[in-house]
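The structure under discussion appears below in the form of structure tokens.
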Amino acid sequence: IILINFDDDMLSGKPLSDIMSIYLSRISTSEKINIFLDEVHRCPDWVGYLRKNYDLRRTGQVVITDSSSKYLKGEYTTLLTGRKIDIGLHTLSFEEFLKWNGINTEVPFSQNDIDRIRYLLEKFLKWGGFPEVVLVESDIQKKILLKEYIDSILYKDVVERYNANIHKLKILVDYLISTPATGFSPRKFSRNHDISLETLNNYIKYLQEVNLLHVVPKFDYSFSKVLGSTKKLYIEDTGLLENLGFRYMEEMGKLYENAVCNELLRREFEVYYWYDERSECDFIVKKGKDLVMAIQVCYDINIDNIEREIKGLRNACSKFKIDKGIIISSKFPDIELEEFEVLPLWKFLLNNEQDR
């Protein structure tokens, strides 16, 4: 096995053929070598080398990673057609987070387990799912790591690659982190912050490519209307929200909505929102050609707001003939609904059918 991280200054820009030639000259083995390459955008010849040697069966398994999806798509996809499987990587899911904290999610939960799961959910929302952040115990160290991650994403993954203006980029990112799960008007933002519309749209595309930002359009059967709709923007990791300007305890509803969006994308659904002049539904969820569910997220659901939340969900399900409607909340309220399922967030994130 050989692991090559091209983020290392000693290796960055070096041809893969030269590195492998040196490596092979120093080992003696007749077995095929499994190759792991990280940050391949810094390597000039990785596609050609791998295609040639893989076709000649000189290598074993090859795993390629990069912090930007751009470098694993486009022309590289064409050159490696038939030789690859694409896997998108996310930060830890809530289920993975629980396992890292000693919770067995494959057995029935006791009440003590459920109490601990609810406690861990608060930690998960506050600190997110970056593995290193989860592993360190100090809150101060967690904040330092999250700040380092966002700086690395902006400077190394966006500014260096795309020659973006760091000042304007930070204005955009600061705004997005402070207002997650809300409609975003590029034209209005462009006017208010002296950033050209073309530059702004490019920056949003770059943030998507480095997997920091998720863009959710309004659902419509017309593709052109989907493209032209106002988009809602979500951040990949909730830890970035709480620790980089988002007011955690004041906007828990938005934090819940962001967590639901991330989980749906992790499960490889297509995600949309929907509204009309009468009501709004947080998520219209599509799998293949089918609309499989509609979801309403309400942190504190109660007698006073239940009718409003039901109205948006009911209208969406009726308009698009969706059979499954779900309301996700902070807990399982003492409210019975025949037409919709009400789930606490922890249960939805686990996709767990155990009794509440």
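The values are calculated or read from the model by the stated rules, or taken from the named source; none is laboratory data. Keep in mind it's a predicted model, so treat the numbers as computed, not measured. Cβ placement follows ideal geometry from the backbone for every residue including glycine, while neighbour counts extend to all protein chains displayed.
With the structure loaded, tell me whether Met20 is loosely packed, with under 13 Cβ neighbours inside 10 Å and modelled with pLDDT of 85 or more or whether it fails that test. Spelling it out, it is not the case that Met20 is loosely packed, with under 13 Cβ neighbours inside 10 Å and modelled with pLDDT of 85 or more.
Number of residues in segment 318-356 that are in a loop (DSSP other than H, G, I, E, B), modelled with pLDDT of 95 or more and either surrounded by 18 or more Cβ atoms within 10 Å (Cβ to Cβ) or at positive phi (or both) equals 2.
Scanning segment 195-219 for residues that are touching a residue at least 12 places away in the same chain (Cβ under 8 Å) and over 30 Å from Leu313 (Cα atoms) yields Ile195, Thr199, Leu200, Asn201, Asn202, Tyr203, Tyr206, Leu207, Glu209, Val210.
Has segment 116-127 got any residue that is free of Cβ contacts under 8 Å to residues at least 12 places away in the same chain, within 24 Å of the chain's Cα centre (by Cα), surrounded by fewer than 20 Cβ atoms within 10 Å (Cβ to Cβ) and in a loop (DSSP other than H, G, I, E, B)? No. Number of residues in segment 208-222 that are in a loop (DSSP other than H, G, I, E, B) and charged (D, E, K, R) equals 1.
Each residue in segment 267-310 was checked for being touching a Leu at 6+ places or on another chain (Cβ under 6 Å) and either surrounded by fewer than 16 Cβ atoms within 10 Å (Cβ to Cβ) or part of a loop (DSSP other than H, G, I, E, B) (or both), and 0 of them qualify.
Here Tyr175 clears all of (1) without any contact (Cβ under 8 Å) to a residue 60 or more places away in the chain; (2) not in a helix (DSSP H, G or I) except the condition numbered (2). Quick check on segment 165-173. Is at least one of its residues of a type in the set (Val, Ile, Thr) and touching a strand residue (DSSP E or B) at 6+ places or on another chain (Cβ under 9 Å)? Scanning segment 165-173, I find at least one residue that is of a type in the set (Val, Ile, Thr) and touching a strand residue (DSSP E or B) at 6+ places or on another chain (Cβ under 9 Å), so the answer is yes.
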